[in-house]
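Here's the structure we're looking at; comments come further down.
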Amino acid sequence: MRYIPLSASDREKALAVIGASSVEQLFEDIPAEARLPHPLDIPGPLPEMDLMDWFEEAADKNTHAGPRRTFIGAGAYVHHVPTAVDHLISRTEFFTCYTPYQPEVSQGTLAAIYEYQTYTAALLGMEVANASMYDGPSALAEAVIMACRVTGRSKVVMPNLVHPHWRQVVQTYTQHLDIELVHLELAADGVCIPEKLAAAMSQETAAVVVQSPNFFGYVEDMDSINQAREESGALLIGAVAEPMSLGLLKGPGASGADIAVAEGRSFGGSLSFGGPALGMFAVKTSLARKMPGRLVGKTKDTMGRDAYTLTLSTREQHIRREKATSNICSNQALMATAAAIHISLLGASGLREVAVANLTAANYLAGRLARIAGVKLAHDKPFFNEFTVTLPGDIGPVLAKLASAGYLAGVDLGRWYPDMKKTILISATEVHSKKNMDDLVDLIAREAV
Amino acid sequence: MEFPKDLKYSKEHEWVRVEDGDTAIIGITDFAQDELGDIVFVEAPKVGRDLKAGESFGVAESVKTVSDLYSPVAGQVIEVNPELEGSPELVNESPFDKGWIIKLKMEDPKELENLLSAQDYRNLAQKG
């Protein structure tokens, strides 16, 4: 494909056709103060070596704590990804993959996605998983929309223990649809109280969304929540922001959830600028035709050999047009492949071992922090690899001091929860050694108390 | 291709058979099933749902496309063909009999007068 930028006269012609006076006019819906009033200030061409220097200098301005001194989770967790994952997904057969419409030339990609779907369904305790979505939050938004479509109802109960960013994305997706998000304040409880959920639901409730481990890291009692929603007839959407927890905890489907979604970045992904992410999405078989997204199925070819192909495509936009289950026309094929490789390298016992290492590290760190005078665990609930800690003083300056010492100690929960201005969210995973954690504890004891 | 004379037809290729005065049995025509090809799934409404004339009540999905199903008359769904969930191919094999899709309690049987006769529908179908 040739790339030839538009000439000035091409641009004039295009503007004349659409009736715009300038390119700037096309952006007038964006508030002026949010727009850059001049072209990007980019210096002229440089020799390649000078260019590398320039970028290195720019990169050095970033705070780079390194994975073992990063204790921030909050939806994006530090994990060791085996080198084999990047090596394998860098093969061109995988690296340039796009949704494989032609099974006759795409068996490898389709088989990899089928493996990913199989792992996803197994981990989430579900029967059918799709070929993946953009990320956990958009998968949750699709789940909410799907629940409303399936039930013919329009209210969705979403406690504020669901990740605030995920809630924002759901809000963005649903704001112009006939869907009402019912906010539920449960931050003080730390976990969902089944009776409070039940009280917020009615015959108009399409679904209740429960994240476990929740945004504070605490494990929800999904079985009791599943019972609590029964009377209303609402669907249960189980969300998982840290799927590594599924090495120890049962998936939402195993507790009776109708739809389960997860952010899959912990499998094979990285934390580079927050992405790329991976939306895992799974349902019960009875809901498969209502599910958004691509789906790879396994069948036999004319010679009786295993063969893979996209299936149930009539749910999708390229066939069903405006009546499609979703407008998603793609998947995160490369990240799904990375996840499948990572999961298969771990295996069932390896996944459990990593999960136990996370649980052990986080419990060690929580135990040590709780012994610092003036520091206490904000909620006394079971957690996986993340928990809340309340410090005696203002935490902004403390976090800044720790950062300048090279430690990203946690997330200030006051950003989203006004009553939790002295509380931080801390995560520890398999990458953190005892020494890493002891050093963090000593720093906090020195700076925060 | 069959166009049974005792039925009423809609322009959207549904047929209606009247039973007991105000019960309408609804399916898709032989012409429609032939156009769709092998039907793999029929999505039917819940019993008790009220339908307006012309309202979409479900979809027929074939190996090559999906098609909305429209109710030729207004009424309440009183029965859904239970066989179609496991054997959607009945719509291909027996469009006017075993492949029926829903039964409605009609709001106003006079609406039947707005529908096409077998001859009119045959003309419509054969015109393409």
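A short reminder: the numbers here are calculations on the coordinates, not readings from a lab. Since we're looking at a predicted model, the values are computed, not measured. Neighbour counts run over all protein chains shown; Cβ positions are idealised from the backbone, glycine included.
Assorted remarks:
- Note: relative contact order over segment A:83-342, using C-alpha pairs below 8 Å and six or more positions apart, is 27 percent.
- Amide H to amide H distances under 5 Å link residue B:69 with B:57, B:58, B:59, B:60, where only residues 5 or more positions off or on other chains count and H is placed in the peptide plane.
- Taking other C-beta atoms within 10 angstrom as a stand-in for reagent exposure, A:379, A:163 fall in the order A:379, A:163, fewest first.
- Taking A:89, B:101, A:319 and counting other C-beta atoms within 10 Å, the order from fewest to most: A:319, A:89, B:101
- Close amide H pairs (under 5 Å, H built 1.01 Å from N) link residue A:265 with A:278, residues at least 5 positions away or on another chain.
- Under the combined filter of DSSP loop state and at most 12 neighbouring Cβ atoms within 10 Å, segment A:151-209 retains these GluC sites (Glu not before Pro): A:185.
- Shielding value for A:307-320 is 2, the average number of Cβ atoms from other chains within 10 Å of each residue's Cβ.
- Relative contact order (%) - criterion: Cα under 8 Å, at least six apart; region: chain A: 20
- The shape of chain A comes out rounded: with a ≥ b ≥ c from the C-alpha gyration tensor, a/c is under 1.5.
- Normalising the average separation of contacting C-alpha pairs (under 8 angstrom, six or more residues apart) by the number of residues puts the relative contact order of chain B at 31 percent.
- DSSP-loop trypsin sites (Lys or Arg not before Pro) across segment A:147-256, with at most 16 other Cβ within 10 angstrom: A:250
- When you count the other C-beta atoms within 10 angstrom of each residue and take the mean per peptide, A:42-48, A:141-147, B:92-98 line up highest first as A:141-147, B:92-98, A:42-48.
- Cα gyration tensor category, rounded, prolate or oblate, for segment B:29-128 with a/c compared to 1.5: oblate
- Segment A:178-297 shape via C-alpha gyration tensor axes, a/c threshold 1.5: oblate
- For the protein assembly as shown, the Cβ-based charge dipole about the Cα centre amounts to some 1180 debye (Lys, Arg positive; Asp, Glu negative; other atoms uncharged).
- Burial ordering of B:51, A:181, fewest other beta-carbon atoms within 10 Å first: A:181, B:51
- Lysines whose Cα lies under 18 Å from that of residue B:105, excluding same-chain neighbours fewer than 8 positions away: B:8, B:46, B:52
- Positive-pole candidate from A:150, A:347, B:86, dipole of the protein assembly as shown, charges at beta carbon: A:347
- Unit charges on C-beta of K, R, D, E only; dipole of segment A:83-342, Debye: 720
- Listed by chain and number, the lysines placed with their C-alpha closer than 20 angstrom to that of residue A:250 are A:284, A:381; residues fewer than eight positions away on the same chain are left out.
- Across segment A:278-290, computed HN-Hα scalar couplings (Karplus, 6.51 cos²θ - 1.76 cosθ + 1.60, θ = phi - 60°) run 8, x, 9, 8, 9, 9, 6, 4, 5, 9, 4, 6, 9 Hz from first to last residue, x flagging Gly and Pro.
- Positive-end residue of A:215, A:426, A:179, charge dipole of the protein assembly as shown with Cβ unit charges: A:426
- Screening chain A for DSSP H helices whose Cα atoms reach 27 Å or more along their own axis and whose mean Kyte hydropathy is at least -0.5 gives A:333-370.
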